[in-house]
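A short worksheet on the structure shown next.
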Ligand code: NDP
Ligand code: HSE
């Protein structure tokens with residue numbers, strides 16, 4: 001066997017992902033050593049509670065609650081605790097101690113990425129984070145390295161496994177939101193606080209990371225428009241199906257070019273209607289898919305497991321091997337390029353198609369009033385479908401009806417002002433839903 005130099009690896013966290021990383025590191029040590037050019041010695045595993053049940057059978061003597069001491073003297077620190085603190089402090093401590101860092105922590109990178117990358121730059125360390133967006137799917141390296149010579153125009157994708165699992169089960173089986181969320185938690189897909197998944201925070205963090213890399217721009221989390229899936233109910237899913245759509249939580253990152261050539265970006269996360277014939281409609285379970293459109297490369301699609309302990313461990317270990325190779329070969333890390341620093345526009349500037357569902361009085365002139373308000377608001381109607389909900393037996397004309405209006409592309413600000421006017425018009429009983437239509 002080759003006499004490799006030994007690199008000391010510290011693992012922080014042994015939950016859904018960390019336990020699988022430790023297991024694979026121990027099981028495949030010799031093979032990983034050949035790939036990395038170094039023996040990877042798992043020096044210890046820092047956890048919160050030594051007695052917690054683990055998903056893998058790991059040597060008890062490796063466990064400690066003293067992350068700080070474990071980090072000192074380590075060559076590579078793998079942070080899989082999640083959350084901001086103490087992850088931030090421990091990552092900065094690892095960098096200051098001379099280690100390279102591997103992390104899957106999108107919450108940390110989306111909020112304190114600049115601080116972490118600057119600290120790493122100062123000491124010539126590298127931070128690897130392939131698992132921080134779209135789980136097992138290689139998307140960070142393609143954006144950072146493979147597409148470094150191209151200009152990314154648009155990224156559109158499903159980047160949260162938990163919400164895709166929930167929406168897919170609701171769509172295909174009519175499952176109940178709360179039941180499927182509990183299953184996603186049991187399967188290790190959900191964040192420690194699943195609000196991060198269902199309210200779109202996790203997807204927004206990933207969108208910020210992807211947009212930063214794609215557009216060479218620092219994208220603060222508060223520049224990302226975020227809506228979650230908690231308002232999506234069985235009726236909306238059924239109505240989408242009826243119109244030939246499926247509802248998906250999408251992350252959209254776009255480069256916008258104004259008439260004068262100036263550029264800006266739009267980064268947003270929301271549940272949207274996707275045509276059932278679109279490839280994103282066939283992304284089932286906890287899978288993710290990311291479409292990247294680049295000027296020279298054209299359309300690229302990345303697909304695979306977006307969550308799950310062992311799947312994510314694959315991406316983490318790929319980073320560990322890269323970190324080990326760099327450690328052995330030496331040299332300064334590539335750093336993050338944010339030189340373009342394009343401004344992010346608010347959601348009101350976005351141009352897309354919409355589906356507006358209204359409950360209206362079913363009487364003469366209502367359709368004309370609704371059409372008039374849309375026209376005044378510069379929102380052009382593409383399709384209209386009316387279904388009678390409740391007819392008045394005496395007049396046959398004064399019950400309620402459901403109107404589903406599909407629009408041509410419109411500006412979000414115009415659309416939202418128009419919907420406000422519709423709601424106040426006197427002919428609309430209720431705005432049932434307003435959903436964007438993405439993917440053409
Ligand atoms: P878990 O909640 O399953 O595990 C977290 C681990 O960190 C536990 O072992 C816990 O210890 C330990 N930990 C938490 N706080 C502390 C602390 N203060 N001190 C020491 N140890 C601590 O998380 P996951 O494995 O699901 O996720 C880990 C990271 O990977 C997160 O950043 C997540 O966003 C990311 N990620 C997760 C994916 C997934 O599918 N689960 C996919 C992609 C990324 P103890 O066990 O003792 O409580
Ligand atoms: N909770 C996240 C998800 C884990 O469901 O996608 C993967 O980042």
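The values are calculated or read from the model by the stated rules, or taken from the named source; none is laboratory data. Owing to the predicted nature of the structure, the values given are computational and were not obtained by experimental measurement. Glycine also receives a Cβ, built like all others from the backbone with ideal geometry; neighbour counts cover every protein chain displayed.
Figures for the structure shown
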read-out	value
Boolean, residue 310 is touching a residue at least 24 places away in the same chain (Cβ under 8 Å) and crowded, with 19+ Cβ neighbours inside 10 Å	no
Residue in the range 165-175 that is over 20 Å from residue 304 (Cβ atoms) and either within 16 Å of ligand 1 (Cβ to nearest atom) or without any contact (Cβ under 8 Å) to a residue 24 or more places away in the chain (or both) present	yes
Hits in the range 94-106 - residues which are over 15 Å from residue 218 (Cα atoms), within 13 Å of ligand 1 (Cβ to nearest atom) and touching a helix residue (DSSP H, G or I) at 6+ places or on another chain (Cβ under 6 Å)	101, 102, 104, 105
Identity of the residue in the range 1-14, touching a helix residue (DSSP H, G or I) at 6+ places or on another chain (Cβ under 8 Å) and not in a strand (DSSP E or B), that ends up surrounded by the most Cβ atoms within 10 Å (Cβ to Cβ)	14
Tally, over the range 146-164, of residues that are touching a residue at least 60 places away in the same chain (Cβ under 8 Å) and not in a loop (DSSP other than H, G, I, E, B)	11
Residue list for the range 379-415, filter: over 25 Å from residue 244 (Cβ atoms) and either at pLDDT below 90 or loosely packed, with under 13 Cβ neighbours inside 10 Å (or both)	390, 391, 392, 393, 394, 395, 396, 397, 398, 399
Subset of the range 203-234 (residues that are modelled with pLDDT under 95 and not in a loop (DSSP other than H, G, I, E, B))	234
Residue match in the range 51-67 (condition: within 28 Å of residue 110 (Cβ to Cβ), within 32 Å of the chain's Cα centre (by Cα), away from ligand 2 (no atom under 16 Å from the Cβ) and assigned to a strand (DSSP E or B))	no
Residue match in the range 243-250 (condition: within 13 Å of the chain's Cα centre (by Cα) and away from ligand 1 (no atom under 16 Å from the Cβ))	yes
Top-ranked residue in the range 110-141 [being touching a strand residue (DSSP E or B) at 6+ places or on another chain (Cβ under 7 Å) and part of a helix (DSSP H, G or I); ranked as nearest to residue 211 (Cα to Cα)]	132
Long-range neighbours under 7 Å by Cβ, at least six apart or interchain, first residue on the phi < 0 side of the Ramachandran plot within the range 413-440, second at pLDDT 95 or above and part of a loop (DSSP other than H, G, I, E, B)	414/377; 414/378; 414/379; 415/379; 417/377; 418/377; 418/379; 421/377
All positions within the range 270-306 that are free of Cβ contacts under 8 Å to residues at least 24 places away in the same chain, touching a strand residue (DSSP E or B) at 6+ places or on another chain (Cβ under 8 Å) and at positive phi	none
Selection status of residue 200, modelled with pLDDT under 95 and under 21 Å from residue 104 (Cβ atoms)	no
Any hit, the range 108-117, residues being farther than 21 Å from residue 330 by Cβ and within 10 Å of ligand 1 (Cβ to nearest atom)	yes
Within the range 201-243, considering residues that are in contact with a helix residue (DSSP H, G or I) (Cβ under 6 Å, 6 or more places away or on another chain) and within 30 Å of residue 384 (Cα to Cα), the one surrounded by the most Cβ atoms within 10 Å (Cβ to Cβ)	229
Pair list, Cβ < 7 Å and 6+ apart or interchain, from the range 178-190 residues that are within 13 Å of residue 168 (Cα to Cα) to residues that are at pLDDT 95 or above and more than 15 Å from ligand 1 (Cβ to nearest atom)	180/169; 180/170
In the range 105-135, the residues that are on the phi > 0 side of the Ramachandran plot and within 16 Å of ligand 2 (Cβ to nearest atom)	134, 135
Selection count, the range 73-89, where residues are buried (at least 16 other Cβ atoms within 10 Å of the Cβ) and more than 16 Å from ligand 2 (Cβ to nearest atom)	6
